[in-house]
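Take a look at the structure below.
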Amino acid sequence: MTHFFGSFKYSLATLTTVLILFVFPGCQSETLKGEEQAILTHAPAVPSPITRNYPTKVIIELETTEVVRRLADGVDYTFWTFGGEVPGKFIRVREGDQVEFHLNNHPDSKMPHNIDLHAVTGPGGGAASSFTAPGKGTVFSFAALNPGLYVYHCATAPVGMHIANGMYGLILVEPKEGLPPVDQEYYVMQSEFYTHGAYGEAGLQPFDMGKAILETPDYVVFNGSVGSTTGDKALTAKVGDKIRLFIGNGGPNLVSSFHVIGEIFDLVNTEGGSVQNKNVQTTLVPAGGSSIVEFTVDVPGTFIIVDHSIFRAFNKGALAMLTVTGDAVPEIYSGLQAESVYLPEGGGIQGLSGSTPNAFVAKTMDERIAEGGRIFAANCAACHQAAGQGIPGVFPPLAGSDFLMSDPARAAGAVINGLSGPIEVNGVAYNGVMPGVKLSDEQVANVLTYVMNSFGNKGTEMTPSQVANVRAGH
Amino acid sequence: MWVMIGMLTALPSASLFARQKARTVVPKGMVLVGSGVYKALYDNGGKFDGVDVPSFFIDENPVTNAEFLTFVTQNPKWRRSKISPLFAESTYLANWAGDVNLGKLGPNEPVTNVSWFAAKSYAKWKGNRLPTVAEWEYVAGAGTRSARGKDEPGFEKRVLILTNQPTPKPLPDVGQSSPNYWGVRDLHGLVWEWVLNFNSALVTGESRADANLERKLFCGSGVVGASDFTDYAAFMRFAFRGSVNASYSGANLGFRTVRSM
């Protein structure tokens, strides 16, 4: 090197470039310029695409906290988080960036935490350098060498439990040339929760280690809770939009069969890497892995996003929605097709007959309605929707439903035994299958009293003895 | 350190302990713990004999704010404004209103934001010492009816739930939980507690790789070297201990003292 320096009168900048090229041929042909603070986002938002055409020093500040939040309606959980929510905040950097990572553990935290970013080349993916006691902060740096979409997670003992409690998120390392522009980018991360109580059991639910070891979760969810991305909180787009989903799977155990009902992925960056597959229906997302999918929405409607290991979608919560607005395009989609294959069954176990013991007994109509609302959210809202509006042509509405209100006993029969074949609700024909839901007489009475007195409906109270009569076939 | 490691073997029978208790004068505020053997969490797969734990006295409850206030009142060098930065971080007693003023804190709440140095010095001032990892874990492993909680149905699950829940704010007074077999309270779910050799388990933070350390050195490990993969609460305690150094003064960390027989 001194030979170079002594013999030629290179300018300092040229010399630096030459040295870098010489030392890292093909690996780092760009020089770092400047410094910036990364803007991180909560799901489903994604930070704006990177417009820089050079690498820089990126400073990332991420805080670990332990918070009690909603897991499902009436169900709370103590989440351990990166940034206050599950999944953790989305990080976006550029290939070649030098990342200075600040991990701060909130003083109120009970546990020490660290971070293993799969985008890091180095021991523990950063975990070995970021072990942080409550009320402390640690700093380490890494070079974003490989482009791709990577999972990050906590790796403090007991590792499985830190992940099971919600400590994961995504970091995108954009390739140097950037990603092609799209109209919408969203962040969706699947994960599962193992609770002491069964699905829908109310109250603050502690982590259940036994279920975690057996890999039998009670909840499989997108973006940290049941219904996180449905109804008013659905992802949105307009007809003709090109959409890119950054999908992660935090696990801790299950592999996701990620699928959007009624869409075909035009492009999939399999496992979040650089190989692109085309025209994919369902993409496998490993636990601790990712996928990038792109598709154009050609017709309006509600597109249901599921883990196509399908009982997870309809019995454990792995269901999100993409609402596309715009004018219908009948030559692409006629509007007559029903999605009968994917009929949700709700959280209750389906059965042919019989009832389950239920500790709760409503003493007043108000209590019945309150409890009924919870049962509705856990078992019915996936199809009939939170406000009872249904999905036109697919799932009949309960709000203002003549079919429901004109014959409560028939409604009870539908809940107990299921209902299939052609029916007409408010003048609209439906031809689907509703499975029976294994609820006790008390629970059926509660949920029916709720639906007959909600969403603008004005009805009477349904009692368990009336339900028992229906069940007995009277 | 090898001595610390191994299987839980003979425990004194309950009647033997009752007789020992009857003829022992127990210091005020402390309880008697019968001798036994601590089976270490990190013992490379249960290959080693346990750590003998001779009988000792332990504080029934964690040290309170009021007790620690008396200590700093009588020992000015341990006051917030006087303490050397070598012995405590800036968060030392940060929740107090002043050097000798608890402010809004309840006198009977467990003291927190204390460094290992301060806790050790307090114990010495009381004529006591900090418990060893083996002593603390041995006491905390007791159930409600026996010295070996693991044999009681639901014990580990209960401890895990208590350990997992966030620290309540404000902290409740000490002594409100039910006593364990030895008569000790608040071991799980109130605050973490300093132990004398908190840093003897070599947890690096990369807990999945600590098994190598375990083989090359001795005591610490993350996963592979553990004797009991199901004791998640113990993993959390060891992880916490591994994450701090002796000047650490966190909001969830207090202590209690012990005295040898």
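Is it the case that B:P172 is at pLDDT below 90 and either more than 15 Å from the chain's Cα centre (by Cα) or away from every other protein chain (no Cβ under 13 Å) (or both)?
Working: at pLDDT below 90: no; either more than 15 Å from the chain's Cα centre (by Cα) or away from every other protein chain (no Cβ under 13 Å) (or both): yes.
No: the conditions fail for B:P172.
The residues in segment B:144-163 that are crowded, with 18+ Cβ neighbours inside 10 Å and either acidic (D, E) or within 16 Å of the chain's Cα centre (by Cα) (or both) can be counted, and the count is 4. Within segment B:70-91, the set of residues being open to solvent by 40 Å² or more (accessible area, probe 1.4 Å) and of a type in the set (A, V, I, L, M, F, W, C) comprises B:L86, B:F87.
Looking across segment A:120-157, the residues that are in a loop (DSSP other than H, G, I, E, B) and either among the β-branched types (V, I, T) or open to solvent by less than 10 Å² (accessible area, probe 1.4 Å) (or both) come down to A:V120, A:T121, A:S130, A:A133, A:P134, A:A144, A:C154, A:A155, A:T156, A:A157. When A:V86, A:V67, A:V99 are screened for being assigned to a loop (DSSP other than H, G, I, E, B) and either within 9 Å of chain B (Cβ to nearest Cβ) or β-branched (V, I, T) (or both), only A:V86 passes.
The C-beta contact set for segment A:193-217 (first residue within 12 Å of chain B (Cβ to nearest Cβ) and touching a residue at least 12 places away in the same chain (Cβ under 8 Å), second residue of a type in the set (G, A, S) and assigned to a loop (DSSP other than H, G, I, E, B), distance under 8 angstrom, 6+ apart or interchain) comprises A:Q205/A:G197. Filtering segment A:70-83 to residues that are crowded, with 24+ Cβ neighbours inside 10 Å and away from chain B (no Cβ under 14 Å) leaves A:L71, A:A72, A:V75, A:F82. Annotation note: of B:V184, B:V195, the sole residue that is out of contact with any Ser or Thr (no Cβ under 7 Å at 6 or more places or on another chain), at pLDDT 90 or above and either farther than 12 Å from A:P158 by Cα or surrounded by 23 or more Cβ atoms within 10 Å (Cβ to Cβ) (or both) is B:V184. Picking from residues in segment B:232-246 that are at the interface with another protein chain (Cβ under 9 Å from one of its Cβ atoms) and not in a helix (DSSP H, G or I), the one that is least open to solvent (accessible area, probe 1.4 Å) is B:V244.
Listed here are the residues, each with its yes/no results for (1) free of Cβ contacts under 8 Å to residues at least 60 places away in the same chain; (2) away from every other protein chain (no Cβ under 14 Å); (3) closer than 23 Å to A:I50 by Cβ.
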site	(1), (2), (3)
A:Y152	no, yes, yes
A:M167	no, no, no
A:L170	no, yes, yes
A:P175	no, yes, yes
A:Y187	no, yes, yes
A:Q190	no, yes, no
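Yes or no, residue by residue, for (1) in contact with a helix residue (DSSP H, G or I) (Cβ under 8 Å, 6 or more places away or on another chain); (2) closer than 16 Å to A:A381 by Cβ; (3) of a type outside the set (D, E, K, R):
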{"residue": "A:G413", "(1), (2), (3)": "yes, no, yes"}
{"residue": "A:G418", "(1), (2), (3)": "no, no, yes"}
{"residue": "A:P422", "(1), (2), (3)": "no, no, yes"}
{"residue": "A:Y430", "(1), (2), (3)": "no, no, yes"}
{"residue": "A:V437", "(1), (2), (3)": "yes, yes, yes"}
{"residue": "A:D441", "(1), (2), (3)": "yes, no, no"}
{"residue": "A:V447", "(1), (2), (3)": "yes, yes, yes"}
{"residue": "A:S454", "(1), (2), (3)": "yes, yes, yes"}
{"residue": "A:A468", "(1), (2), (3)": "yes, no, yes"}
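Of all the criteria given as (1) more than 14 Å from chain B (Cβ to nearest Cβ); (2) under 30 Å from A:R312 (Cα atoms); (3) surrounded by 24 or more Cβ atoms within 10 Å (Cβ to Cβ), the one not satisfied by A:H162 is (1).
The values are calculated or read from the model by the stated rules, or taken from the named source; none is laboratory data. Keep in mind that what you see is a predicted model, and the values were worked out from it rather than measured. In this analysis, Cβ positions are derived from the backbone assuming ideal geometry, glycine residues included, and neighbour counts consider all displayed protein chains. Heads up: the accessible areas ignore ligands, DNA and RNA and are worked out on the full protein's heavy atoms, side chains in. Shrake-Rupley method; radii C 1.70, N 1.55, O 1.52, S 1.80 Å.
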